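Student: Quick one: the structure is below, and I'll ask about it shortly.
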Amino acid sequence: MDGFDEDLVNALKDVVRHGNWCCVGEKRNFKPGCTKLYSEDGEHVVLVRTEDDGFWAMDSSCPHEGGPLELGDIEDLGNGKLGLICPWHHFDFCLETGISSTGLQNQVYEVRVVQEKVYINTQNMLSLSPVPEDSSVPSGTLPLEAPIPTTSENSLCFWARKILCTPDPKEKVTLTQEVQERWNSGKITEVGEAAPPAQPWRKDNLTVVDPKKMKRGRGGTLASRIALLHSLANMEQWAIDLSWDMIARFSNFRLSTGEPLPLQFFNDFVKVAGDEAKHYNLMEQRLTELGSYFGALPVHNGLWQSAKDTSHSPLARLAVINMIHEARGLDVHPQTTSRFAAQGDDGSVRALEVIYSEEITHVAAGLRWFTYICREQGLDCLATFHEMVKKHFRGYLKPPFNTEGRKLAGMTEEWYVPLVRPSS
Ligand code: FES
Ligand SMILES: [Fe+2]
Ligand SMILES: [Fe+2]
């Protein structure tokens, strides 16, 4: 038996032995490059065919911030191995191991080609076209009362709406800081109620692209730093809006006792909005210092999609935005700062450290109000959290986790470890 036959027999034995090999089609259907394969559990896969006819597979959602790896480039990593480069911030992922030089790691899958058919070793069914979404309306455990009236200029919600409808990020920041000062000094006296806009306003000159389509050009190290700072400034602008949206949208929420959320809830989210305004300024200032500006590159509205998916329930919103997305920000902080540090960009590192310490308090605020509402409603906090995340956040959570940072926010492992993909 020659080598090929032996391989074939071994591969076939494996296919028979384990039920986890999924045939994704004829080899000739896959041109060199990347093909996205859709998984029923939302954790889609990218199949890579290299010029030398090698086949590799890994999760298509980048472990950094979910960038679309199927739109990435395949490059020589300089160590004799090939890697997939994420189009959003250019993190590299070795095709063989999924390991990135940034310290992150992506899940890889074994691929076999047997009798001209491609097999991937995964627990899920994969297909070339999207699995139809569950069309059922998300069922919030806590229905909101509608419609929401708009109240006087002396209310926090009046200003929350006003800031959401302010397209210029600089004005958004200034107004946020003024309102924070007036709220803290007692010049704004009531929470009030106001309907937030369907979507926060944005300046016309900002090029918004589908998060899936966003692809940044290659560049030297300065260009990639600018791209990263630009995407962080965009996230901070969304974070300002998400805080005000939280305030306005849930101002008419009532606990099962009939009571509104306590004043401290609004104090906390005014503080978060003020922090996010500061973070936007820090990122924008670094962009200027590096010779760029906010708006120079396209941006995406991926974070707003999560906000829309959770607009029916404060529990879902707190879970997905504060306890999943913001906690993920803590996880990637060490890799992000090390990229700037490696290039001697101390100014950006200092700005990122300020942001990091305040983001810990945002995760803590999310956790505090999530547990508060659960207890008031007689719900099991952990079980409700896991249920909300599975329902409103597609895919699994990806290690490595910043266990230390999460712990400082009060988020211990029992919150997030059960949301990691179970090993087969
Ligand atoms: S999302 Fe992939 S490198 Fe940032
Ligand atoms: Fe922030
Ligand atoms: Fe934040």
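Student: Compute the length gained on full extension between residue 182 and residue 73: take 0.36 nm times their separation in residues and subtract their Cα-Cα distance, giving the result in nm to one decimal. Could you put the intermediate results ahead of the total?
Tutor: Values: separation 109, 0.36 × 109 = 39.24 nm, distance 4.95 nm.
So the chain would gain 34.3 nm between residue 182 and residue 73.
Student: Kindly provide the helix-only [θ] at 222 nm of the chain, computed as the sum of -39,500 (n - 2.57) over DSSP H runs of four or more divided by all residues, to the nearest 500 deg cm²/dmol? Show your work: numbers first, answer last.
Tutor: Values: 12 runs with 178 residues, N = 424.
Dividing the helical sum by the residues of the chain leaves -13500 deg cm²/dmol.
Student: Taking amide H atoms as placed 1.01 Å from N in the peptide plane, list the residues 5 or more away in sequence, or in a different chain, whose amide H sits under 5 Å from that of residue 254.
Tutor: So residue 254 has HN proximity to 145.
Student: With a Cα-only, solvent-free Debye model of the chain, what are the log10 I(q)/I(0) values at q = 0.09, 0.11 Å⁻¹?
Tutor: Debye intensities relative to I(0), on a log10 scale: -0.61, -0.88.
Student: For residue 171, project a label point 7 Å along Cα to C-beta. Then give me every residue of the stretch 185-204 with its amide nitrogen under 13 Å of that point.
Tutor: Label zone hits: 201-204.
Student: What ranking, highest mean first, results for peptides 181-194, 64-77, 314-327 when packing means the other Cβ atoms within 10 Å averaged over each residue?
Tutor: Final packing ranking: 314-327, 64-77, 181-194.
Student: What is the calculated FRET efficiency for residue 199 to residue 23, with r their C-beta to C-beta distance and R₀ = 56 Å, to the nearest 0.05? Intermediate values should be presented prior to the final figure.
Tutor: Numbers: r = 42 Å, r/R0 = 0.75.
Using R0 = 56 Å, I get an efficiency of 0.85.
Student: If R₀ is 41 angstrom, what is the calculated FRET efficiency for the pair residue 223 and residue 190, using the beta carbon separation as r and rounding to 0.05? Each step should come with its number before you reach the end.
Tutor: Working: r = 48 Å, r/R0 = 1.17.
The formula returns an efficiency of 0.30 here.
Student: Helix by helix, which DSSP H runs in the chain go 18 Å or more along their axis at the Cα atoms and have an average Kyte-Doolittle hydropathy of -1.0 or more?
Tutor: On the way: long enough: 3-17 (21 Å, -0.10); 169-184 (22 Å, -1.56); 221-249 (41 Å, 0.37); 263-289 (39 Å, -0.58); 326-342 (24 Å, -0.63); 346-376 (45 Å, 0.09).
The qualifying helices are 3-17, 221-249, 263-289, 326-342, 346-376.
Student: Let me ask another. Work out, step by step, the length gained on full extension between residue 349 and residue 305: first 0.36 nm times the residue separation, then minus their alpha carbon distance; give nm to one decimal. If you can, show how the numbers build up before the last one.
Tutor: Values: separation 44, 0.36 × 44 = 15.84 nm, distance 2.90 nm.
Fully extending the segment from residue 349 to residue 305 adds 12.9 nm.
Student: Ok, one more. Contact order normalised by length for the stretch 3-127, with contacts defined as Cα pairs under 8 Å and 6 or more residues apart; what percent is it?
Tutor: Working: 252 pairs, mean separation 34.7, N = 125.
Across the stretch 3-127, relative contact order equals 28 percent.
Student: Still on this model: Give the long-range amide H neighbours of residue 99: residues separated by 5 or more places, or on another chain, with amide H under 5 Å away, using H modelled in the peptide plane at 1.01 Å from N.
Tutor: Under 5 Å from the amide H of residue 99: 94, 106.
No lab work stands behind these numbers, since they all come straight from the coordinates. The shown structure was predicted, so the numbers you read here are calculated from the model rather than taken from an experiment. When we count neighbours, we look across all protein chains shown, and the Cβ atoms used for this are built from the backbone with ideal geometry, even at glycine.
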